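Down below is the structure, laid out as structure tokens.
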Amino acid sequence: MYARVLVPIDGSAASGRALREALELARHLGAMLVLLHVVDAYNLLLGSDTQTGFDAARLAMLEHGKALLEQHRQVVDAAGVSCEVVLREVLSSRISSAILEEARTRQCDLIVMGMHGRNGRTRLALGTDTEHVLRGARIPVLLVCAEAPEP
């Protein structure tokens, strides 16, 4: 059913919980996980006073992304699930566009991503990137809340 599952990783509690859900699915289905971290260098470009400042901040973000992906790859490997890691950088597009593009390029069957919204009752709680992925995805998207909602 799902052979390749894309899991965007940003270091948040929500993406960590999404990874745990994706791991369970992958174990039961024999699926491969594609862990994706997207570095948004565009916002750095807007806020940087100098090229040197931009370059240093960009390199730090890329190194952080590599470390984050390696940390999560080790968790996936320890669980006995195969995975691929992808580090992407965007300079002119949205993070959500990179997520959708990677899902298509890597022929994923499902996207499992964390949701940062506080109550899930309004579209505003989803966040713009999450909503963009939901609207643009041609495959199923499983949203995972950072914490279980209160009754």
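The values are calculated or read from the model by the stated rules, or taken from the named source; none is laboratory data. Keep in mind it's a predicted model, so treat the numbers as computed, not measured. Because the Cβ atoms are built from the backbone with ideal geometry, glycine has one as well, and the counts that use them run over all protein chains shown.
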(message) Among the residues that make up the range 47-56, is at least one of them under 28 Å from Arg138 (Cα atoms) and either modelled with pLDDT of 95 or more or of a type in the set (Gly, Ala, Ser) (or both)?
(response) no
(request) Identify the residue in the range 126-135 that is over 11 Å from the mean Cα position of the chain (by Cα), assigned to a helix (DSSP H, G or I) and closer than 20 Å to Gly16 by Cα and, among all such residues, is modelled with the lowest pLDDT. (result) Leu126
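Of these, Arg104, Arg118, Arg123, Arg94, which one is surrounded by fewer than 18 Cβ atoms within 10 Å (Cβ to Cβ), of a type in the set (Lys, Arg) and at pLDDT 90 or above?
After applying the criteria, what remains is Arg104.
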(message) Anything in the range 18-44 that is of a type in the set (D, E, K, R) and modelled with pLDDT of 95 or more? List them, or say none.
(response) Arg20, Glu21, Glu24, Arg27
(message) I need every pair where a residue in the range 91-107 that is closer than 21 Å to Leu59 by Cα has its Cβ under 8 Å from the Cβ of a residue that is surrounded by 14 or more Cβ atoms within 10 Å (Cβ to Cβ) and basic (Lys, Arg), sequence separation at least 6 or different chains.
(response) Ala98/Arg88
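Every residue, every condition in (1) on the phi > 0 side of the Ramachandran plot; (2) charged (D, E, K, R); (3) without any contact (Cβ under 8 Å) to a residue 40 or more places away in the chain, yes or no:
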position	(1), (2), (3)
Ala3	no, no, no
Val38	no, no, no
Leu59	no, no, yes
Lys66	no, yes, yes
His72	no, no, no
Val81	no, no, no
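Results for (1) closer than 21 Å to Met115 by Cβ; (2) crowded, with 18+ Cβ neighbours inside 10 Å; (3) in contact with an Asp or Glu (Cβ under 8 Å, 6 or more places away or on another chain); (4) among the basic types (Lys, Arg), shown as yes or no for each residue.
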residue	(1), (2), (3), (4)
Glu24	yes, no, no, no
Arg27	no, no, no, yes
Gly30	no, no, no, no
Leu35	yes, yes, yes, no
Leu59	no, no, no, no
Gly65	yes, yes, no, no
Ala98	yes, yes, no, no
(request) State all residues of the range 1-32 that are under 24 Å from Gly65 (Cα atoms) and assigned to a loop (DSSP other than H, G, I, E, B); if no residue qualifies, say none. (result) Ile9, Asp10, Gly11, Ser12, Ala31
(message) Checking Arg138 against (1) on the phi > 0 side of the Ramachandran plot; (2) at pLDDT 80 or above, only one condition comes out false. Which one?
(response) (1)
(request) State which residue is nearest to Val7 (Cα to Cα) when the search covers only the range 74-115 and only residues that are part of a helix (DSSP H, G or I) and over 13 Å from the mean Cα position of the chain (by Cα). (result) Val76
